[in-house]
Amino acid sequence: MAVSSDEPIRVVETAPGYKDAPKATGVYLMYDEEGTVIYVGKAVNLKLRMQQYFRPGGDGRRSVPFLVEKVRKIEFRITGNEAKAFLLEDELIKKHLPRYNVMGRDDKSYPSLELTVLEPFPRLIPAHRHLKKGSRYFGPFIVGVSADELLRRYRDRFKLRRCTVNQMKKGKPCLYYQIERCCAPCLGSISEEEYAGYVEKITSSLRRYERIQSKVEEE
Ligand code: SF4
């Protein structure tokens, strides 16, 4: 199902704060005094999200006070729905590589990946340590391509399941189905055999990356 895009995206600019923020769904871009985009995010209700940033104690993340101090302008792009906001946020982060988004990723950095082959319709997820017997682990990816990049690449290309097994069993597709990033095993849209074929392709490709990595490390 494609995401409808008939509504044009409306742009609203404000000074830092939440009073003039629109009560709408969309994406926000925070600029510093040099006009550089330093953070991009999305929200179902942009006004509520801004309140979390600009009210003391509203957002517990460590980087937020530093970010808020540097913001000089906020631009809102009103998409009208969550799926479009998700895609636009992704596009803008890739375009601007905002400093605080990159820092946020570093906070959660992980060197390895796990393919949850003990589950039906396995997921590819970040792994900090190798824990579960029977699961397939790849990495650590330290040199060259990062685990994060490989995760995004394979999860998107093969439209792998993202939710928990319990969620999948409920049979209700989520946003990832709407934006065509999940092949929706929750709806029975793919057979276990076909999906297993993807899992084997990903496994051999990631093993290849591991071998390249070892060679580079040796050299
Ligand atoms: S579309 Fe279905 S299977 Fe895919 S992540 Fe969403 S709920 Fe899970």
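The values are calculated or read from the model by the stated rules, or taken from the named source; none is laboratory data. All figures in this text were calculated on a predicted structure; none of them were measured in a lab. Reconstructed Cβ throughout: ideal geometry from the backbone, glycine too, with neighbour counts over all protein chains shown. Accessible surface is based on the protein model in full, side chains and every heavy atom, while ligands, DNA and RNA are left aside. Shrake-Rupley method; radii C 1.70, N 1.55, O 1.52, S 1.80 Å.
Okay, here's what the table says:
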| read-out | value |
| --- | --- |
| Approximate spin-label separation ARG153-VAL44, in nm, with each point projected 7 Å along Cα-to-Cβ | 3.4 nm |
| FRET E, pair THR36, ILE9, Förster distance 35 Å, beta-carbon r, rounded to 0.05 | 0.95 |
| Extension gain (nm, one decimal) between LYS170 and GLU119, 0.36 nm per residue minus Cα-Cα | 16.8 nm |
| With all protein chains modelled, accessible area of SER146 [1.4 Å, Å²] | 50 Å² |
| Relative compactness, segment 10-106, computed as alpha-carbon Rg over 2.2 N^0.38 Å | 0.97 |
| Net lengthening on full extension, SER135/GLU180 (0.36 nm per residue, minus Cα-Cα) | 13.6 nm |
| Heavy-atom accessible surface of the chain: percent carbon and sulfur, 1.4 Å | 50 percent |
| Probe 1.4 Å, protein heavy atoms only - accessible area per residue of the chain in square angstrom | 59 Å² |
| Cβ-placed point charges (K, R +1; D, E -1), dipole of the chain about Cα centre in debye, nearest 20 | 600 debye |
| Within segment 135-184, trypsin sites (Lys or Arg not before Pro) in DSSP loop having at most 13 other beta-carbon neighbours inside 10 Å | LYS170 |
| FRET efficiency for LYS94 and LYS201, using Cβ-Cβ distance with R0 set to 22 Å, rounded to 0.05 | 0.35 |
| Whole-Å distance, taken between Cα centres, linking segment 167-215 and segment 134-152 | 16 Å |
| Highest-fluctuation residue, GLU91, GLU200, GLU34 considered, GNM on the chain with Cα pairs under 10 Å | GLU34 |
| Per residue convex hull volume, Cα atoms of the chain, in Å³ | 153 Å³ |
| Cβ-based net charge around LYS73, under 10 Å, with every Lys or Arg adding one and every Asp or Glu removing one | -3 |
